[in-house]
Amino acid sequence: MLVAAGLGGAAQAALPVPPVDTAQLQPEIARRIEHARDYFARTRTGLEGTALGAAWGRLGMVYQAFRFQPQAGACYRNAIAADPAEARWHYYLGVHLEEVGELDAALASYAAALKRKPDYVVGHIRYGEVALEAQHLDAAQRAFEQALAGRPGLAAARAGLGNVALRRGQYRKAIEHFQAALAQQPEAGLLQYRMAQAWRHLGDTEKARAHLALRGERTVSVVDPWIELMKAREKGAGHFIALARQALAAKNLRRASGNLRLAVAIEPEAAEAYGLMAELLAMTGQAERARKFASAALRLAPGHPQAARWRELAGR
């Protein structure tokens, strides 16, 4: 099955998305791919601009979560063609290009994303890491400095600057950055190895051995919300609905709400998520909003086992 659609009502045709033989996949993965593909096919009619870009982008995120790279790349390019102002589609295309080894093209996509969303600090970290891998040291340094300016003390930015300095033979500067990163994330044992390298180059074998003895496999970590949102597709909406149920039982409404929003982002027709959101809103005295979410749940699944409760919440 090739997925294609007009872009924004213009004459330009969308790039075709190569078919995936779901018969060769694990049943649950096949179900998620088919569901995402079918949802796009059912809802794309009449979409244009931002809405069409979002539809293509959501489909691309599902393909990328399961590492179907040609399909993800085509979807993101279609999303950009429909809505070039949206930073996320450029960013996700950059992730795709990075993962298939096209580093310079990935950097161009990340730059396009950051032009549209310059305050996305972790995006500068990702740009810097790819630039470092591609041996573009000046670009890497600028990116890590921008990240540090946006979030002072960020360990990943300090570690990145340390790696740039190490590559340039600026060993004392590298040590300074690595020490600052370790002060924030002492568990990042891989930086101890980098420190050992720097001290060895400076001729201090005793300090080099001391840091080498502390080395570990963990490096600095930084949460990338856009990447986490894409990877969440691998777990599926049901996983986050279950987490929301647990959170509601524990009266942790903030966590429940976050998981429900994530479930709906993954599966826009997840009726149970709408129903649980209605329960949550009713618990917090937001009766009118609860009615809207309960009504949405009923529209999506009028025969659901919880439909009677949803009708009650909807005031029917």
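A few points about this structure:
- Filtering the range 135-147 to residues that are over 22 Å from the mean Cα position of the chain (by Cα) and either within 28 Å of Pro84 (Cα to Cα) or part of a loop (DSSP other than H, G, I, E, B) (or both) leaves Gln135, His136, Asp138, Ala139, Gln141, Arg142, Glu145.
- Near pairs, Cβ below 6 angstrom, 6+ apart or cross-chain, from the range 134-162 (touching a residue at least 12 places away in the same chain (Cβ under 8 Å)) to any residue that is among the β-branched types (Val, Ile, Thr) and open to solvent by 10 Å² or more (accessible area, probe 1.4 Å): Ala147/Val121; Gly150/Val121; Arg151/Val121; Ala155/Val220; Ala156/Val220; Ala156/Val222; Ala159/Val220
- Pair list, Cβ under 8 Å, 6 or more apart: the range 26-44 residue closer than 15 Å to Trp56 by Cβ, other residue among the aliphatic types (A, V, I, L, M) and at pLDDT 95 or above: Ala36/Leu59; Ala36/Val62; Arg37/Leu59; Phe40/Ala55; Phe40/Leu59; Thr43/Ala55; Arg44/Leu52; Arg44/Ala55
- Helices (runs of 4 or more DSSP H) lying entirely in the range 175-286 (those with 3 or more residues that are open to solvent by 20 Å² or more (accessible area, probe 1.4 Å) and either of a type in the set (Phe, Trp, Tyr) or under 30 Å from Glu129 (Cα atoms) (or both)): 190-201, 205-213, 225-235, 253-266
- Residue match in the range 56-70 (condition: without any contact (Cβ under 8 Å) to a residue 40 or more places away in the chain and among the hydrophobic types (A, V, I, L, M, F, W, C)): no
- Check on Asn78, open to solvent by less than 20 Å² (accessible area, probe 1.4 Å), modelled with pLDDT of 95 or more, on the phi < 0 side of the Ramachandran plot and polar (S, T, N, Q): yes
- The range 16-34, residues that are open to solvent by 60 Å² or more (accessible area, probe 1.4 Å) and within 14 Å of Glu267 (Cα to Cα): Arg31, Glu34
Rundown of residues vs (1) open to solvent by 50 Å² or more (accessible area, probe 1.4 Å); (2) of a type in the set (Val, Ile, Thr); (3) part of a helix (DSSP H, G or I); (4) over 23 Å from Pro186 (Cβ atoms), yes/no style:
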residue: Val122; (1), (2), (3), (4): no, yes, yes, no
residue: Ile125; (1), (2), (3), (4): no, yes, yes, no
residue: Ala149; (1), (2), (3), (4): yes, no, yes, yes
residue: Ala159; (1), (2), (3), (4): no, no, yes, no
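- Some residue of the range 138-145 being more than 25 Å from Phe40 (Cα to Cα), in contact with an Asp or Glu (Cβ under 7 Å, 6 or more places away or on another chain), modelled with pLDDT of 95 or more and surrounded by fewer than 19 Cβ atoms within 10 Å (Cβ to Cβ): no
- Selection of the range 233-288 for residues being among the charged types (D, E, K, R) and more than 30 Å from Phe68 (Cα to Cα) yields Arg245, Lys251, Arg254, Arg255, Glu279, Glu288.
The values are calculated or read from the model by the stated rules, or taken from the named source; none is laboratory data. Not measured: the values here are computed from a predicted model. All Cβ positions, glycine included, derive from the backbone under ideal geometry; neighbour counts span all protein chains shown. Side chains included, ligands, DNA and RNA excluded: accessible areas come from the protein's heavy atoms. Shrake-Rupley method; radii C 1.70, N 1.55, O 1.52, S 1.80 Å.
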